[in-house]
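Inspection log for the structure reproduced underneath, given as structure tokens.
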Amino acid sequence: MNPIYRHPELKDVDGMLNVEQSCFEPDEQMDRDDFVEVVNNVSAMSFVIDVDGEIAGMISCRTTDKDVLDNESYYEDLAPKATDTNLAVLGLAVLPKYQGAGLATELLKRAEAVAKTDGLTSLILDCRDRLIPFYEKYGFQLLRRSNSTFGDIKWFGMQKKLK
Ligand SMILES: CC(C)(COP(=O)(O)OP(=O)(O)OC[C@H]1O[C@@H](n2cnc3c(N)ncnc32)[C@H](O)[C@@H]1OP(=O)(O)O)[C@@H](O)C(=O)NCCC(=O)NCCS
């Protein structure tokens, strides 16, 4: 396998949607328009993994001044603001056939590098309880329950301080 990590382009939207639909239940999926928004607004802080022309995984990020995400964070204007202090992971997924090979860890490293280059304070995300150990392994700490009700799931806000 020769994974190439690069910023997403409009030509990748179908592949990103395929990863999303392969990894999440219907009520917790981002849709095509969401990925177009990611490409148009936050491509510079997001990544896809290209394996021989197939999108094998992706991380979608935005900047925010919040320390824990809420519903609006996923939909409100994604364009970065000068007052934003944190880089938030809106979505992270790897196609099942590529899981367990360290690809998600590589995506997190790339997002973290962008956050550090941009002088941001923390990397943050919301996750469901079963993934808390995965993110703890990467250095995140559990902050508190999130107000997000996306997909009618209980979300937990996690943070990795960068400075
Ligand atoms: C979670 C996910 C992104 C991990 O991708 P991946 O490429 O398999 O992750 P990695 O190979 O980088 O795993 C890194 C470590 O975390 C562990 N890990 C992976 N998934 C895990 C999980 N669901 N729970 C606990 N630990 C997990 C791996 O065993 C590995 O540990 P190791 O280094 O000791 O072997 C992937 O399983 C996925 O897309 N799941 C469905 C979508 C999802 O839940 N995304 C997260 C939304 S909050």
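Within the range 39-128, antiparallel bridges make up roughly 75 percent of the DSSP beta bridges whose residues both belong there. If a spin label sat at a point 7 angstrom from the Cα of residue 40 along the line to its beta carbon, the backbone N atoms of the range 76-112 nearer than 15 Å would be those of 76-80. Principal axis extents of the Cα atoms in the range 54-154, from largest to smallest and rounded to whole angstrom, are 38, 33, 26. Packing, as the average of other Cβ atoms within 10 Å across residues, places the peptides 143-152, 102-111, 68-77 in the order 102-111, 68-77, 143-152, highest first.
Rounded to the nearest 0.05, the FRET efficiency derived from the C-beta distance between residue 24 and residue 132 at R0 = 22 Å is 0.80. Between residue 161 and residue 147, the modelled label-to-label distance comes to 2.4 nm, taking each label 7 Å out from Cα in the direction of the beta carbon. Would you work out which of 90, 75, 131 lies farthest towards the positive end of the dipole of the chain? Charges go on Cβ: Lys and Arg +1, Asp and Glu -1. The residue sitting farthest along the positive end of the dipole is 131. For the range 4-121, the equivalent ellipsoid derived from the alpha-carbon gyration tensor has semi-axes of 22, 16, 13 Å in decreasing order.
Residues whose amide H lies under 5 Å from that of residue 93, counting only those 5 or more places away or on a different chain, are 58; hydrogens are built 1.01 Å from N in the peptide plane.
Within straight-line reach of residue 116, meaning a Cα separation under 18 Å, sit the following lysines at least 8 residues removed in sequence or on another chain: 66, 81, 160, 161, 163.
Since every read-out is calculated from the coordinates, none of them should be taken as a lab result. Computed from a predicted model, the values in this text were never measured in an experiment. Cβ coordinates were reconstructed from backbone atoms using ideal geometry, including for glycine residues, and neighbour counts include every protein chain displayed.
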